[in-house]
1. If you take the residues in region 1-43 that are under 18 Å from residue 53 (Cβ atoms) and among the polar types (S, T, N, Q), which one is nearest to the chain's Cα centre (by Cα)?
2. Scan region 52-64 for residues that are hydrophobic (A, V, I, L, M, F, W, C) and either on the phi > 0 side of the Ramachandran plot or touching a Lys or Arg at 6+ places or on another chain (Cβ under 9 Å) (or both) and jot them down.
3. Quick check: anything in region 29-38 within 26 Å of residue 89 (Cα to Cα) and not in a helix (DSSP H, G or I)?
4. For residue 86, all conditions in the list (1) modelled with pLDDT of 90 or more; (2) in a helix (DSSP H, G or I) hold save one; what is the number of the exception?
5. Could you list all residues from region 33-83 that are farther than 18 Å from residue 4 by Cβ and either surrounded by 13 or more Cβ atoms within 10 Å (Cβ to Cβ) or basic (Lys, Arg) (or both)?
Amino acid sequence: MVKFAEKLKELRKNAGMTQQQLADRIWVTKASISYYELSERDPSPEILIKIAKVFHVTTDYLLGIEDKQLYLDVSDLDEDEIQLLQHTIDILKKNRSR
């Protein structure tokens, strides 16, 4: 999982976070973050999901399965708000293709 280690370190640094700050946010030790970044250990699925949420990316992105970095967390929105966002995205894509 070398790609994961590289992506984690890059995301953390780009966010201006220390290993300790990330560890505190996902309830692991600083040593665990260091091990992940050095490819000495792999995170559990639960920790992988927490890391993805912290950096607003997908687990597939972290694992190198997809190249897209961004994902939107709409879990706190109601159905009307989600539909509004989807409509806005559709308009943006349509305008881009012109």
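The values are calculated or read from the model by the stated rules, or taken from the named source; none is laboratory data. Note that the coordinates shown come from a computational prediction; the quantities given were computed from them, not determined experimentally. Glycine also receives a Cβ, built like all others from the backbone with ideal geometry; neighbour counts cover every protein chain displayed.
1. Restricting to residues being under 18 Å from residue 53 (Cβ atoms) and among the polar types (S, T, N, Q), the top hit is 14.
2. 54, 55, 57, 62, 63
3. Within region 29-38, none of the residues are within 26 Å of residue 89 (Cα to Cα) and not in a helix (DSSP H, G or I).
4. (1)
5. 77, 82
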